[in-house]
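Down below is the structure, laid out as structure tokens.
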Amino acid sequence: MPRDTVAPPHPRPADTTAGHPAPNRPAEPVPPDGSAVTGARPIAGASLDLSGVTYRYGRSGAGIGPLDLHVKPGEFITVVGPSGSGKSTLLSLLSGFLHPQQGDIRLGGQPVRGPHPALTLVQQESALFPWLTVGGNVAFGLGKLGRPERLQRVAEALKLVGLPGYEARRPHELSGGQRQRISIARALAVKPGLLLLDEPFSALDHATRTTLADELMAIWWDQKITVVFVTHQLEEALHLSQRVVALRQGEIALDAPSKELSVGALRRILGE
Ligand SMILES: Nc1ncnc2c1ncn2[C@@H]1O[C@H](COP(=O)(O)OP(=O)(O)OP(=O)(O)O)[C@@H](O)[C@H]1O
């Protein structure tokens, strides 16, 4: 499928897949059976611009910034960094839960002033409402739409994550991986300009994690979505994204195309 804004994914240098169970990934992600190729209207990813963004907590001075970052529409970047380097603070700023003390954040050229449906965050533990059906959970952010469109969006989103027809199920009937797929479906249903993922697969077993990572890549490829993915796993970062941003002590220590990086080089830069 042609894309006009970003370069396609690429094979990695040999050592970048060390420890990863799927070193022979294809040069382009192939949609897994039953998932991403849906014919659903693509999600229009927005550009993301951070300019001089600073957030420091109290007297400790811990936090991030000043940070400058530009993410192109439809680009998939991963953010890595040791514990305490500022990854969660950055995601809180991007999702509008924190406000920069200095600088500004723009999504599609518009200032981010607070939480907004166009900015969706998927976290480590799926936060599904147990009293709602899967359909109710996925429809949660679609309140303003009429019922037929809501149902269509839910059906499309469930198809995207490979769980078509799951509307009537309850979260407790699902596996951990399926629940996380539903969380992603809920985020996709609102057709977000930016999808933010905070270690979304880290609570899952390795095989499920790898499967979901590949499915996410296929969805990204199919839907032209802009993605910022935070992970501790350097292999995962290189496997998934076109570009890696490494944070160290609240500053950008590296911002480079994945194809130019290896796990060893990243470890050296991050001092691990
Ligand atoms: N609410 C807070 N009050 C004070 N300091 C904080 C607060 N939240 C985070 N910090 C500090 O800000 C810095 C960045 O923290 P942050 O949680 O963003 O890092 P992180 O890279 O997400 O870490 P981890 O990988 O462990 O989740 C750390 O020094 C942390 O101690």
Taking first residues from segment 93-120 that are closer than 18 Å to TYR57 by Cα and in the same structural domain as GLY143 (by TED's automatic domain parsing) and second residues anywhere that are at pLDDT below 90 and among the aromatic types (Phe, Trp, Tyr), the pairs with Cβ under 8 Å that are 6 or more apart or on different chains are none
Looking at this structure, is LEU158 part of a helix (DSSP H, G or I) and farther than 25 Å from GLU272 by Cβ? yes
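Within segment 222-259, restricting attention to residues that are in a loop (DSSP other than H, G, I, E, B) and under 16 Å from the mean Cα position of the chain (by Cα), which residue is surrounded by the fewest Cβ atoms within 10 Å (Cβ to Cβ)? Please lay out each step first, then the result.
Looking only at segment 222-259, we keep the residues that are in a loop (DSSP other than H, G, I, E, B), and these are 224-225, 231-233, 241-242, 249-250.
Of the ones still in play, those that are also under 16 Å from the mean Cα position of the chain (by Cα) are 224-225, 231-233, 241-242.
Details: LYS224: 17, ILE225: 25, THR231: 24, HIS232: 13, GLN233: 19, SER241: 24, GLN242: 20.
That would be HIS232.
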Name the single residue, out of those in segment 90-141 being surrounded by 21 or more Cβ atoms within 10 Å (Cβ to Cβ), over 29 Å from SER175 (Cα atoms) and within 16 Å of the ligand (Cβ to nearest atom), that is farthest from the chain's Cα centre (by Cα). ILE105
So is LEU98 closer than 13 Å to VAL53 by Cα and assigned to a helix (DSSP H, G or I) or not? no
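Name the single residue that is farthest from the ligand (Cβ to nearest atom) among those in segment 44-80 being in a loop (DSSP other than H, G, I, E, B) and under 16 Å from the mean Cα position of the chain (by Cα). Full working, then the answer.
First, pick out the residues of segment 44-80 that are in a loop (DSSP other than H, G, I, E, B): 44-47, 58-61, 72-75.
Remaining after also requiring under 16 Å from the mean Cα position of the chain (by Cα): 44-47, 72-75.
Details: ALA44: 29, GLY45: 24, ALA46: 23, SER47: 24, LYS72: 24, PRO73: 26, GLY74: 25, GLU75: 21 Å.
Restricting to residues being in a loop (DSSP other than H, G, I, E, B) and under 16 Å from the mean Cα position of the chain (by Cα), the top hit is ALA44.
The values are calculated or read from the model by the stated rules, or taken from the named source; none is laboratory data. Note that the structure is predicted; figures quoted are calculated from it, not measured. Reconstructed Cβ throughout: ideal geometry from the backbone, glycine too, with neighbour counts over all protein chains shown.
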